[in-house]
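**Q** Quick one: the structure is below, questions incoming.
Derivation of every value follows stated rules applied to the coordinates shown; laboratory data play no part. Model, not experiment: these values are computed from the prediction. Glycine gets a Cβ as well: all are built from the backbone with ideal geometry, and neighbour counts include every protein chain shown.
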Amino acid sequence: MLVVMQQDATEAQIRAVIDRLVDLGFTVHRSTGVLHTVLGGVGPVDDIDIAVFEAMAGVKECHRIVSPYKLASRFFRPQGTIVKVGNVEIGGPKLVVMAGPCSVESEEQIEEAARIVAEGGAQILRGGAFKPRTSPYSFQGMGEEGLKIMRAAADRHGLLMISEVMDASQLPLLLKYSDILQIGARNMQNFNLLREAGKVSKPVMIKRGIAATVEELLLAAEYVMSEGNYNVMLCERGIRTFETATRNTMDVSAIPVVKKLSHLPMIGDPSHGTGRRDMVLPMARAAVAAGADGLIVEVHPDPDRALSDGAQTLNPGQFAEMMAQVRAVAAAIGRAA
């Protein structure tokens, strides 16, 4: 159930509608836009006559939302969500770029990576301290020491920081160091982790699972938002298909689909989306052209020596070229970068 209040609705009128929704068994989520307050009622009650609410003082209109995701739906925030992190706005008119190595390997490596991405124009440093690897024998990350190193490098170069949380028990540690929590593809349906991430105030970026539908991605966001954290962004990072020419099949069409269905910002990940360094630039251009609010790409000072994901990681020159190209594409579609 979605109730849109009139522009001049009083707080007393809004409270009356909230109380009525609660009486009928709904959990109410309030969103205050530029012109209207929107009340999203989430509950099992399906046979409510919406005319009851349309007749209430201060109500502009009422809708029954039939999609399984209520809070992530475009109806909840028709104007779109802008996630504010420090002085960066994700989902606004400016394209945001998150860049850095797959994993933190050393102080020297992450310091150089931070310099490269900052000089290239990225706003957020990415890097993993805890790495979910397919093989238990692969490099698993540096843990808290890696987070400390990354935080220091980000601060020195005026960057924000995003890093992956793999388990709810790691949340206190990530909250201490990272500006944005990344929930990776393997954890997109880790419902306990999603709920716990919904109880914190830090922004959360959820990557699409390797075999997840768009609806399942939006429902993952719903888990976070249902706990009260609306600072959520979604990421298309490629899905597993029958195609073997690339590591994954980057579903660029998912970007405009999500933008139509949901108010949440959408990020494109051409590094994981293709698994090939030579494919990152064209897919980065495609993601921006399709309407992505930002990009997250892997960049390493010497990708051929990277301890993880070197094959899909850009070197400094390629990153500079990518930034020039996506700026041109963003300008062509009326977006700043």
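**Q** Using the basic label-point model (7 angstrom from Cα toward the beta carbon), what is the Ala332 to Ala51 distance in nanometres?
**A** Reported label-point gap for Ala332 and Ala51 is 5.3 nm.
**Q** Could you estimate the translational diffusion coefficient of the range 143-190 from the Stokes-Einstein equation, with Rh from the Kirkwood formula over C-alpha pairs, at 25 °C and 0.890 mPa s, in whole µm²/s?
**A** Numbers: Rh = 11.2 Å.
Stokes-Einstein gives a translational diffusion coefficient of 220 µm²/s.
**Q** Below 8 Å, C-alpha to C-alpha, sequence gap of six or more: please give me the relative contact order for the chain in percent.
**A** With pairs under 8 Å counted, the relative contact order is 16 percent.
**Q** Also, quick follow-up: Could you work out the percent of alpha carbon pairs in the range 99-191 separated by over 19 Å, rounded to a whole number? Please report the intermediate quantities before stating the final value.
**A** Working: 1502 of 4278 pairs.
Summing the P(r) tail past 19 Å for the range 99-191 gives 35 percent.
**Q** Something else: Report ³J(HN,Hα) in whole Hz for each residue of the range 254-270, in order, from the Karplus equation J = 6.51 cos²θ - 1.76 cosθ + 1.60 where θ = phi - 60°; Gly and Pro get x.
**A** For the range 254-270, the Karplus-derived couplings read 5, 5, x, 4, 5, 4, 6, 7, 10, 8, 7, x, 10, 10, x, 10, x Hz, x marking Gly and Pro.
**Q** Among residues other than Gly238 whose Cβ falls under 14 Å from its Cβ, what is the net charge (Lys/Arg +1, Asp/Glu -1)?
**A** +1
**Q** Compute the long axis of helix 214-226 from its Cα atoms, compare it with the longest principal axis of the Cα atoms of the chain, and write down the angle in degrees, 0 to 90, nearest 10.
**A** 70 degrees
**Q** Using amide H atoms built 1.01 Å from N in the peptide plane, name the residues 5+ places from Asp251, or on other chains, whose amide H lies under 5 Å from its own.
**A** Under 5 Å from the amide H of Asp251: Gly238, Ile239.
**Q** To make sure I understand the rule: partners must be lysines, Cα under 20 Å from the Cα of Lys148, and not fewer than 8 residues away in the same chain. Which ones qualify?
**A** Qualifying lysines at Cα under 20 Å: Lys131, Lys176, Lys202.
**Q** Please say if the chain is rounded, prolate or oblate, where rounded means a/c under 1.5 for a ≥ b ≥ c the square roots of the C-alpha gyration tensor eigenvalues, and otherwise the choice is prolate for a/b larger than b/c and oblate otherwise? Spell out each step's value before the answer.
**A** Working: a/c = 2.02, a/b = 1.87, b/c = 1.08.
Taking the square roots of the gyration eigenvalues as a ≥ b ≥ c, the chain is prolate.
**Q** Counting other Cβ atoms within 10 Å, which chymotrypsin sites (Phe, Trp or Tyr not before Pro) in the range 155-253 have at most 12 and lie in a DSSP loop?
**A** Sites meeting the loop and neighbour criteria: Phe242.
**Q** Fully extended, how many nm does the chain gain between Thr249 and Asn87 (0.36 nm per residue separation, minus their Cα-Cα distance)? Before the final figure, lay out the partial values.
**A** Details: separation 162, 0.36 × 162 = 58.32 nm, distance 3.33 nm.
Length gained, Thr249 through Asn87: 55.0 nm.
**Q** Take the alpha-carbon centre of the range 161-176, take the same for the range 76-97, and report the distance between them in whole Å.
**A** Result: 22 Å between the Cα centres.
**Q** Next question. List the trypsin sites (Lys or Arg not before Pro) within the range 1-69 that DSSP assigns to loop and that have no more than 14 neighbouring Cβ atoms inside 10 Å. Let's see the in-between values first.
**A** Values: sites: Arg15, Arg20, Arg30, Lys60, Arg64; in loops: Arg64.
Qualifying residues, ordered by number: Arg64.
**Q** To make sure I understand the rule: partners must be aspartates and glutamates, Cα under 14 Å from the Cα of Lys70, and not fewer than 8 residues away in the same chain. Which ones qualify?
**A** Filter leaves Asp46, Glu215, Glu216, Glu222, Glu227.
**Q** Using only Cα atoms, find the angle between the long axis of helix 144-156 and the longest principal axis of the chain, and express it within 0 to 90 degrees, rounded to the nearest 10.
**A** Roughly 90 degrees between the two axes.
**Q** At 7 Å along the Cα-to-beta-carbon direction for both Leu35 and Ser135, put a label point, then send me their distance in nm to one decimal.
**A** Spacing of the two 7 Å Cα→Cβ label points: 5.8 nm.
**Q** What residues of the range 40-77 lie in the reach of a label at Gln6, counting those whose backbone N is under 11 Å from a point 7 Å from the Cα along Cα→Cβ?
**A** Those under the cut-off are 56-61.
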